[in-house]
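Novice: The structure under discussion is supplied below as structure tokens; questions concerning it will follow.
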Amino acid sequence: MSDVSPKISRLTHVLLSLLVIGVWGLLLLLWFSRTPSAAHGSADKRFDVITAERINIVDADGKPRLVISDPARFPDAVVRGKSYKRSIRDNAGVLFYDVDGTETGGLITATAAWGRYAALIFDYTNPPTDGVGIFRIESVDGKTYSAGLSVADRRPNALAESENSQGIQRAKLETKDGDAELIISDTEGKPRILLGVDRANTPRLEIRDAEGNVQHRYPPQ
């Protein structure tokens, strides 16, 4: 009997050790099997509402591709890695960037001393130039307004390092304080053809020379 008790005791210790090892092994197996799915789930979380002053969307290399921002955190213009101050400071909206991190357009709203401004703009990238824009402007008191579409030529490559991104405006369709007008300009930005209907519902067609003199007008004055 005395020989049996030590054997039972040793067997009990072995069984308890195996039980402990089995429990820990099971816990580790569950942990490692859940880790990939947990990591995957964290990348696909869904939010009903996100409140933020700025959101940066970046690619796999960390380069910005889209920025949503309020006026306080709105970024400066970035062209080939260099930052430039904006002519209108109180901007809020969305900016788009190409694979090199250069700004290629945006949807913005702004308030300045002269009024309230909203625009959707798409830029040329080589060199960076304002390309096409849809805009709306209203004075602070609401007495004057304009809205339209503007199309510009790309700036020459010789001006690639200029801080001014404005191209040569070639076409502009605009309604301003009741006057609707289409303006087509030459390569220097000088208006050459004007077609419109004013606030009195009077149609007009003008063809001008490079100095702005009216060469043809319908109806004649």
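Novice: State whether the residues of segment 161-173 include one that is in contact (Cβ under 8 Å) with a residue 60 or more places away in the chain and not hydroxyl-bearing (Ser, Thr, Tyr). Spell out the reasoning first.
Specialist: Going through segment 161-173, the residues in contact (Cβ under 8 Å) with a residue 60 or more places away in the chain turn out to be 163, 165.
Filter once more, so that each one left must be not hydroxyl-bearing (Ser, Thr, Tyr): 163.
Yes, segment 161-173 has at least one match.
Conditions tested, residue by residue: (1) touching a strand residue (DSSP E or B) at 6+ places or on another chain (Cβ under 7 Å); (2) among the aromatic types (Phe, Trp, Tyr); (3) closer than 28 Å to ASP179 by Cα.
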{"site": "VAL94", "(1), (2), (3)": "yes, no, no"}
{"site": "TYR97", "(1), (2), (3)": "yes, yes, no"}
{"site": "GLY106", "(1), (2), (3)": "yes, no, yes"}
{"site": "ALA113", "(1), (2), (3)": "no, no, yes"}
{"site": "TYR124", "(1), (2), (3)": "yes, yes, no"}
{"site": "GLU138", "(1), (2), (3)": "yes, no, yes"}
{"site": "TYR145", "(1), (2), (3)": "yes, yes, yes"}
{"site": "VAL151", "(1), (2), (3)": "yes, no, yes"}
{"site": "PRO156", "(1), (2), (3)": "no, no, no"}
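Novice: Being touching a residue at least 60 places away in the same chain (Cβ under 8 Å), assigned by TED's automatic domain parsing to the domain that holds TYR145, small (Gly, Ala, Ser) and part of a strand (DSSP E or B), is that true of even one residue in segment 64-73?
Specialist: Residues of segment 64-73 that are touching a residue at least 60 places away in the same chain (Cβ under 8 Å), as a first pass: none.
Within segment 64-73, not a single residue is touching a residue at least 60 places away in the same chain (Cβ under 8 Å), assigned by TED's automatic domain parsing to the domain that holds TYR145, small (Gly, Ala, Ser) and part of a strand (DSSP E or B).
Let's see how each residue does on (1) closer than 30 Å to ARG204 by Cα; (2) among the small types (Gly, Ala, Ser):
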position	(1), (2)
ALA77	no, yes
ILE108	no, no
PRO127	no, no
TYR145	yes, no
SER150	yes, yes
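Novice: Now a separate question. Collect the residues in segment 109-122 that are surrounded by fewer than 15 Cβ atoms within 10 Å (Cβ to Cβ) and within 20 Å of ILE55 (Cα to Cα), keeping them in residue-number order.
Specialist: Passing the criteria: only THR109.
Novice: Which residues, taken from segment 62-108, are hydroxyl-bearing (Ser, Thr, Tyr), farther than 25 Å from ILE50 by Cα and buried (at least 16 other Cβ atoms within 10 Å of the Cβ)? Steps first, please.
Specialist: Initial filter on segment 62-108 (hydroxyl-bearing (Ser, Thr, Tyr)): 69, 83-84, 87, 97, 102, 104.
If we keep only those that are farther than 25 Å from ILE50 by Cα too, we end up with 83-84, 87, 102, 104.
Of everything in segment 62-108, those that are hydroxyl-bearing (Ser, Thr, Tyr), farther than 25 Å from ILE50 by Cα and buried (at least 16 other Cβ atoms within 10 Å of the Cβ) turn out to be THR102, THR104.
The values are calculated or read from the model by the stated rules, or taken from the named source; none is laboratory data. All figures in this text were calculated on a predicted structure; none of them were measured in a lab. In this analysis, Cβ positions are derived from the backbone assuming ideal geometry, glycine residues included, and neighbour counts consider all displayed protein chains.
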